[in-house]
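To start, the structure under review is shown below, and the notes come after it.
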Amino acid sequence: MGVTKHKLLTDRIIADVESEVLPPGTRMPTHRDLAHDLKLSVQTVSISYKEAERRGYLRGEVGRGTFVRDRVTERAERFMLDREPGQTADLSIIRAVYTEAHERASRQTMMRLGEGDNSAFMRPCRPIAGLDRHRTAAQAWLRRLGVEADRDRILITNGAAHGLFLAVASIVHPGDLVLTENLTDHGIIGLASVLGFTLRGLPTDEQGILPEAFETACAAGGVKALVLIPTLGNPTSHVAGAQRRQAIAAIAARYGIFVVEDEVYKPMLEEPMPSITQLLPDLGFFVTSFTKSVMTGLRVGYLVVPPTHGIRVASILRVTSWSATNLPAEIASLWIEDGTAEALLQIQRQEARARQAIVARTLGPHIASTYPLSHCAWLKVPPHWTEEGLVRALSQRHIAVTPSDPFVAGEAGGGGIRICLGGRLSHTALAETLTSLRLTFEQLPPVFDAQLIA
């Protein structure tokens, strides 16, 4: 009673799509035909079709009709919506995928916390390094990443960027020389400006920094630290193998070089991989978080420090934020203990593989480097385009990407474009966006572009 006819019809359409009575690609009856069959008004059918389109179950094609969309997850209309016409498809920021499972986990945890006694983590403002319970949970999570660390070597941080700052600030002074990949995350490039150290990029291959280049730089003298991303390095998605990690650790040990291991993406790996920090207990810092592998908004990080640096790093933590925020750390701890973190991580892996498959099908020849479990891909700039012109042309098609400039710490090389695949774009919207991107790549640039083909 009180339920409108168009809502009843909308609910029936959605139910039939979700149960695959109406499989993806099915052509729906015309508004007039369905109205006649169901003895409804054409207006009622039109309203129902529009609502089902808005919620991501149907798509209308001018001149062809209305079709059932491909589904990504159950109830995807709330969390994986295709973008509306004219909206920008933002492929410029690396984000974890967000699905119904993530929303459900958040809501259930908030309800659980709302019904319990939260004083144990809401009242304290010490210890600065993090509550013992949170650091114990961190030990379990770090262990699966190949790091065994006593609790007093672990600090809870507000995400990986915070952990990276604490690690670098504890060992580097203005003017010191720090090494990194020639293309690297812009976070360390920004830190060089903030902390005043000299950052030098080293040549890389598909596994990251070349050991011989690292050794040459160390032998020349003056190197204080190496900051690197061994797993799914941003922006090229390189993954260092076990031997590469061991070689880097051996060189650092030989020259007494600190290594800051930014492993925010390491949880995505399915096979065990040694930790450089584990191989360098007196010189290694290990940084990870949940933002890229479990849920973007869960800004909790874990920083493992050498035994001699616990007090120093804690003092910098106190100066910058007193301590990490206990509420997100409590959620992370609960999710580690009850298996939610692992379940959401599995979703990220599944989605990464599915989205990378779309990239491979759509952009194959244009891919410079990527990895099946990465949330991004590095693309080659076609020879007839300039990087700036290509980014501008994509922007005019409402596609946001990131050029190479923010990542350059060494020789710029041939440049490139990074596209990010996470967030809430559905598979259908991602495929459509990448198709538009490919068509732009294959076009000749406008005559007023700075560097035209010869």
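Brief remarks on what is shown
- Using a Förster distance of 51 Å, the FRET efficiency for THR88-ARG151 (Cβ separation, nearest 0.05): 0.70
- Euclidean distance between Cα centres, the range 419-440 to the range 85-147, Å: 28
- Cβ-Cβ FRET estimate between THR4 and THR26, R0 fixed at 25 Å, reported to 0.05: 0.55
- Probe 1.4 Å, all protein chains present, accessible-area order of ARG245, ARG12, largest first: ARG12, ARG245
- Extended-chain gain in nm, criterion 0.36 nm per residue less alpha-carbon gap, ARG353 and MET111: 83.9 nm
- Full extension of the chain between GLU388 and VAL447 yields a length gain of 19.8 nm, computed as 0.36 nm times the residue separation minus the alpha carbon distance.
- Between the Cα long axis of helix 326-338 and the first principal axis of the chain there is an angle of about 80°, rounded to the nearest 10.
- Coordinate range along principal axes, alpha carbons of the chain, Å, largest first: 81, 70, 34
- Translational diffusion coefficient (Stokes-Einstein; Kirkwood radius from C-alpha pairs) of the range 78-186 at 20 °C, 1.002 mPa s, in µm²/s: 116
- Over the range 191-308, the alpha carbon radius of gyration divided by the compact-protein estimate 2.2 N^0.38 Å works out to 1.05.
- Cα-based helix-to-principal-axis angle, 340-363 vs the chain, degrees rounded to 10: 70
- Rounded to 5, percent antiparallel among DSSP beta bridges of the range 148-252: 25
- Sparse-neighbour loop sites [GluC sites (Glu not before Pro); the range 243-286; at most 14 other C-beta within 10 Å; DSSP]: GLU270
- With semi-axes defined as the square roots of five times the eigenvalues of the C-alpha gyration tensor, the equivalent ellipsoid of the range 331-370 measures 32, 9, 5 Å, largest first.
- Counting only residues at least eight positions apart within a chain, or on another chain, the lysines with an alpha carbon under 28 Å from that of LYS224 are LYS266.
- Each helix, a run of at least 4 DSSP H residues, gives -39500 (n - 2.57); summed and divided by the residues of the chain, these come to -13000 deg cm²/dmol at 222 nm.
- Within-13-Å neighbourhood charge of ILE311 [Cβ basis; K, R +1; D, E -1]: +2
- Modelled spin-label separation between GLN43 and LEU327, with each label point placed 7 Å from Cα along the Cα-to-Cβ direction: 4.6 nm.
- With all protein chains modelled, accessible area of CYS125 [1.4 Å, Å²]: 80
- Solvent-accessible area per residue in the chain equals 45 Å², computed with a 1.4 angstrom probe and all protein chains kept.
- Taken about its Cα centre, the chain carries a charge dipole of about 880 debye when Lys and Arg each add +1 at the Cβ and Asp and Glu each add -1 at the Cβ.
- Förster radius 56 Å - calculated FRET efficiency between GLN243 and ARG126 (Cβ-Cβ, nearest 0.05): 0.85
- Database remark: amide H of ALA89 closer than 5 angstrom to the amide H of ILE399, ALA400 (H placed geometrically; neighbours at sequence offset of 5 or more, or on other chains; Pro and chain starts carry no H).
- Counting every pair of alpha carbons in the range 332-440, the share spaced more than 22 Å apart comes to 38 percent.
- The share of Cα pairs per 5 Å bin across the range 244-373, counted from zero up to the longest distance, runs 2, 9, 14, 16, 16, 16, 13, 8, 4, 1, 0 percent.
- Whole-percent carbon and sulfur share, accessible surface of the chain, 1.4 Å: 54
- Summarising the amide proton neighbourhood of LEU226: residues at separation of 5 or more, or on other chains, whose placed amide H is nearer than 5 Å comprise LEU179, PHE258, VAL259, VAL260.
The values are calculated or read from the model by the stated rules, or taken from the named source; none is laboratory data. None of the values given here were measured: they were computed from a predicted structure. Note: ideal-geometry Cβ built from the backbone for every residue, glycine included; neighbour counts use all protein chains shown. In case anyone asks, the SASA skips ligands and DNA or RNA and just uses the protein heavy atoms, side chains included. Shrake-Rupley method; radii C 1.70, N 1.55, O 1.52, S 1.80 Å.
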